[in-house]
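Following: one structure in structure tokens, then a few remarks.
The values are calculated or read from the model by the stated rules, or taken from the named source; none is laboratory data. These numbers were taken from a predicted model, which means no experiment stands behind them. Cβ sites come from the backbone with ideal geometry, for glycine too, and all protein chains shown count toward neighbours. These accessible areas exclude ligands, DNA and RNA; they are computed on the full protein's heavy atoms, side chains included. Shrake-Rupley method; radii C 1.70, N 1.55, O 1.52, S 1.80 Å.
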Amino acid sequence: MREKIILDCDPGHDDAVAIILAVADEKLELLGITTVVGNTSLENATNNALRILNLVGVKDVEVYPGADRPLVRDTVLAPKIHGYSGLEGAEIPEPHKKPSTKHAIDFMAEMIEKHPNEVTIVTTGPLTNFALFALKYPHLVGKIKSHVMMAGGIAFGNVTPVAEFNVFADPEAMSVVLGLDIPKVMAPLDLTHQAVVDHEIVNKIRNLGKEYLKPIADLLEFFIGAYKRYFGIDGAPLHDPCAVMYLIDRDMFEWEEMYVQVELKGELTYGQTVADIWHLGGKDPNLRVLKKIDSKRFFERLLDDLQKIGT
Ligand code: BDR
Ligand code: CA
């Protein structure tokens, strides 16, 4: 049976690749896409998700807009990495389809009621929608199969020295999510920085023979440029596809169960994911933290999947 997933995202260059992966891989059944403010406004994120679906010719996946602001903190966007539109660097036509009028968290609830213990929520943006879902529908939380998130950083951050963007953009939401008693898996920066896309891989993607991959290659070139400008590194980590890939082929990953908290008060550390890697606090682990990825296998599977749509 295919794994039923809802992809909650804020596209975003790497979210765009995660969407295509989720649509393409035969191991997954994408029930719908929910969107959240994060890399860009909710309106742009929603439009971007629709543009990517339209680009690859997928008509039967709906997009459900969610939160347009974080739970408590002021909104932070990521224009330096993704541009103001969220998908700068490529010409991607406007979609034919409109977003659903149903709210993201009501869609999550509907799917979880319909398929109890079968739905995995994959979040590749701030945790706002998922936290709101858990607060509005506490009786459904136990019926979620699992939650896989691209979030956090154990050894380093990318917005502040210690805070990763998806957590920093809504730390209070992350705090709600960490308290949920369901299987949770985290793909932190420490992992995603092992899945780096470079010019050579982008050229391979461009030449896979699918028209829809040309703008995706352009997006990735922009993304690589942003990482060079902003972080001074060669190549860009494909953060969000790592979370989706975990559900496709777990054998690519190594992990450890840990107790992880999020800092909500620190002047220098707001939004930091604090992982008890030595089990010093004696608390039971609340999270599976992905530590290593076989990047060769990751890119083989990714490139294979990216060209599958419409064949
Ligand atoms: C995360 O932040 C966003 O910029 C990316 O899309 C990814 O989800 C990486 O920190
Ligand atoms: Ca994202």
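Observations on the structure shown:
- Long-range tail of P(r) for segment 78-186 (Cα pairs > 15 Å, %): 69
- In the elastic network of the chain, a GNM with C-alpha springs shorter than 10 Å, the most mobile of D170, D294, D284 is D284.
- Apportionment of accessible area to carbon and sulfur, segment 3-306, percent (1.4 Å): 51
- Stokes-Einstein D for segment 1-102, Kirkwood Rh over Cα pairs, 25 °C, 0.890 mPa s (µm²/s): 179
- Comparing R297, R206, R69 in a Gaussian network model of the chain, where Cα atoms under 10 Å apart are tied by springs, the biggest mean-square fluctuation is seen for R297.
- Debye equation applied to the C-alpha atoms of the chain, log10 I(q)/I(0) at 0.11, 0.12, 0.14 Å⁻¹: -0.59, -0.71, -1.01
- Point-to-point label distance, R69-R250, nm (Cα→Cβ direction, 7 Å offset): 4.1
- Residue-averaged 222 nm ellipticity for the chain, from DSSP H runs of 4+ at -39500 (n - 2.57), nearest 500: -11000 deg cm²/dmol
- The share of Cα pairs per 5 Å bin across segment 157-215, counted from zero up to the longest distance, runs 4, 13, 16, 16, 13, 13, 11, 10, 4, 0 percent.
- For the chain, the longest site-free run once chymotrypsin sites (Phe, Trp or Tyr not before Pro) in DSSP loop states with at most 15 other Cβ atoms within 10 Å are removed: 157-277
- At 0.692 mPa s and 37 °C, Stokes D of segment 155-311 from Kirkwood alpha-carbon radius, µm² per second: 192
- Our analysis of segment 240-311 gives Rg over Rh at 1.14, with the two radii drawn from alpha carbon positions and Rh computed by the Kirkwood formula.
- Its relative contact order, with pairs defined as Cα atoms under 8 Å and 6+ residues apart, puts the chain at 20 percent.
- When all alpha carbon pairs of segment 83-147 are counted in 10 Å bins from zero, the resulting P(r) reads 18, 40, 25, 16, 1 %.
- At most 11 other Cβ within 10 Å, DSSP loop - GluC sites (Glu not before Pro), segment 56-106: E91
- Computed over every Cα-Cα pair of segment 110-242 and binned at 10 Å starting from 0, the pair-distance distribution P(r) comes out as 12, 35, 28, 21, 5 percent.
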